[in-house]
Amino acid sequence: MSAGPQYARLPEAGRFRSIVDFYLTTMRTSVQQQFQYRVATYFYMFGMVAEPVIYLVVWTTIAEQRGGSIQGLSAGYFAAYYIVWTLVRNMNIVYGAPYWEHRIREGRFSGDLLRPLHPIHNDIAYFAGSKVVWILLWLPIAFALTLVFDPLLDPTALEMGVFAVAIWGAYLIRTMFMSALGMLCFWTTRGAAVFNLYMTSELLLSGRLVPLPLMPDWVESIARFLPFQWAFFFPIESLVGDLSARELLGGLVVQAFWILIGLGIFTLAWRSAIKRFSAVGG
Amino acid sequence: MNALRVSLLFLKVGVMNELQYRVNLVVQLFQSAITLVTGLAVLALVYSHTDELNGWSQSELLCLTGIQILMAGAIRMYVEPNMSRVIDEVREGTLDYALTKPEDAQVLASVREVRIWHVVDVFSGLFVLGFGLSRITTDFGILDALAFAVALVLGGVMIYCFWLVIATGAFWVVNMWHVAELFDGLFATGRWPVGIYPGWLRVSVTFLVPVAFAVTVPAEAVTSRLEWETLLLAVVFAGFLFAATRWFWRFGLRRYSGASA
């Protein structure tokens, strides 16, 4: 028995099939929506490409000044790294913490609670559907970037397979941690500063700014104990770098570990957050 | 003159409005601190692998970072809120209220909002700039200071024009959700001297989105590497852009039929 508001539950019989059906339908709806607003989506993707191109240009410039490479990383490696970056970043976009604020403030959350399913399922399914469209729309961008920057990319079949799984692992890791962070919105309306702090830590410790080996050693050691790099550096490196089969498959296991940790934190936070919720509008 | 009076009046009301929410200052201080620390960390990281980037020393690039933070703060304080409001109001039909007032519509559309707390970023940018300057040995004359001030103002004007062109686009394209993100992404190119970019990108961030004029040119002025031809080009281009933007705004207005009313 739980106190306070709680989302309604599906009947036990046929529960699994209903959830699968829900996921498929939500993903299909999302695919259609994304295609409908493809111009807006492209605008968004173009804005996003600016960031890796800036990093790429800076590090290529330095690599060239130093005779072609920094710590063994060549200009071709950087090009490959940041082009794959754009796809991983796309996969990384989730219903962020700010969205929880929006959803509570606008009163939509009351409606979400009425559904016979935990709201997180909708979040995961909806963006998972969008990703399919984004990957398609990303292909021409990747092609153009490849023409301009000349990446050094020569993946094996295993690397490609691991990459294909790892980008979805990255998606789930980030979904879990961002949703957990979003629970803050049940307590405060000024979460923006905390979200910003989180994003900054992520920027520096995930490989988003720069391939992690270029970071000072102490930063790398801190990053080892945090989830960030498993949603950024690992997926990219699995395709671009030279990881052994053991490192590749082990990486997927670590990703699964962080998904579970994130899910645990989110579940705990959710339980106390939902007790505090009182509807706004709706 | 009347335009100036109206602007000042709106500024006063806007500031008074924002001053009600004093806790926002603390939040903004925190956010600005994060921006500052990130910027410095990235610089430190880059210069741990090299001594100079395309001819710019770390201290010189510090000046550039300061100017970028300052300019971004100014844009977020005064330009972006007004332009976003125009875009929103076109969609909702409430722009009509501004258009029916007996004052120039472009002036009104450009001065109604001010997010005064972003002034923290302006100061933090000035602080970084000052710190960078103090570590540069070349003498910084009165002429450099003058050129810097002129370049900074021109850069601000050009960014305003760019935003107004985008906002005017709302008369045709209603779905402009991601424009602010698109701009932020492009403005981030200003973190680095424009010379490091390959040709096509350098031209884009100079003339298409005038980030180079807004950040690199003022930074060239304070690091005594500005050539007078560049400043002249900035003057001419700013003038041209301002006139073209005004024409485009009026052209868009003529097409606008109002969504409510």
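Listing for the model above:
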item: Using distinct alpha-carbon pairs, which all enter the 1/r mean, Kirkwood radius of segment A:109-209 in Å; result: 16.9 Å
item: Which of A:Ser206, B:Ser84 has the fewest Cβ neighbours within 10 Å, and the rest in rising order; result: B:Ser84, A:Ser206
item: Helical contribution to [θ] at 222 nm, DSSP H n ≥ 4, -39,500 (n - 2.57), averaged over chain A, rounded to 500; result: -24500 deg cm²/dmol
item: Scattering profile of segment A:1-117 at q = 0.10, 0.17 Å⁻¹ [log10 I(q)/I(0), Debye over alpha-carbon scatterers]; result: -0.58, -1.02
item: Chain A, relative contact order in percent, only Cα pairs under 8 angstrom and at least six apart counted; result: 29 percent
item: Within a Gaussian network of chain A (alpha carbon springs, distance under 10 Å), most fluctuating of A:Asp112, A:Asp123, A:Asp21; result: A:Asp21
item: Set of segment B:157-196 residues, backbone N closer than 18 Å to the point 7 Å along the Cα-Cβ line of B:Phe123; result: none
item: Shielding of A:34-45 by partner chains, average beta-carbon count, 10 Å; result: 2
item: Degrees between helix A:75-92 axis and first principal axis of chain A (Cα, 0 to 90, nearest 10); result: 10 degrees
item: As computed over segment B:75-211, the Cα convex hull volume per residue (Å³); result: 140 Å³
item: Cβ-derived FRET efficiency at R0 45 Å, B:Leu99 paired with A:Thr146, nearest 0.05; result: 0.40
item: Karplus (6.51, -1.76, 1.60) ³J(HN,Hα), θ = phi - 60°, over segment A:109-123, in Hz, Gly and Pro reported as x; result: 5, 4, x, 4, 5, 6, 6, x, 7, 4, x, 4, 4, 4, 4
item: Span-rule helices in chain B, defined as complete DSSP H runs reaching 20 Å or more along the axis (Cα) with Kyte mean at least 0.0; result: B:2-19, B:23-47, B:58-74, B:119-134, B:142-168, B:228-255
item: Helix axis angle, A:192-205 relative to chain A longest principal axis, alpha carbon, degrees; result: 30 degrees
item: Label-point separation, B:Val13 to A:Arg115 (7 Å along Cα→Cβ), nm; result: 4.2 nm
item: Set of segment B:70-87 residues, backbone N closer than 12 Å to the point 7 Å along the Cα-Cβ line of B:Asn24; result: B:77-78, B:81
item: Value of Rg/Rh across chain B [Cα atoms, Kirkwood radius]; result: 0.98
item: GNM result for chain B, Cα springs below 10 Å: residue of B:Leu11, B:Leu201, B:Leu70 fluctuating most strongly; result: B:Leu201
item: Among A:Ile173, A:Ile70, A:Ile259, residue whose mean-square fluctuation peaks in a GNM of chain A (springs only between Cα atoms under 10 Å); result: A:Ile70
item: Binned Cα-Cα distances of chain A, short to long, each 5 Å bin given as a whole percent; result: 1, 5, 10, 15, 17, 16, 13, 9, 6, 4, 2, 1, 0, 0
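Read-outs throughout are calculated quantities, based only on the coordinates presented, and are distinct from any laboratory measurement. Since the structure is predicted, the reported quantities are computational estimates derived from the model, not experimental observations. A quick note on method: Cβ atoms are made from the backbone with ideal geometry, for glycine too, and the neighbour counts reach across all protein chains shown.
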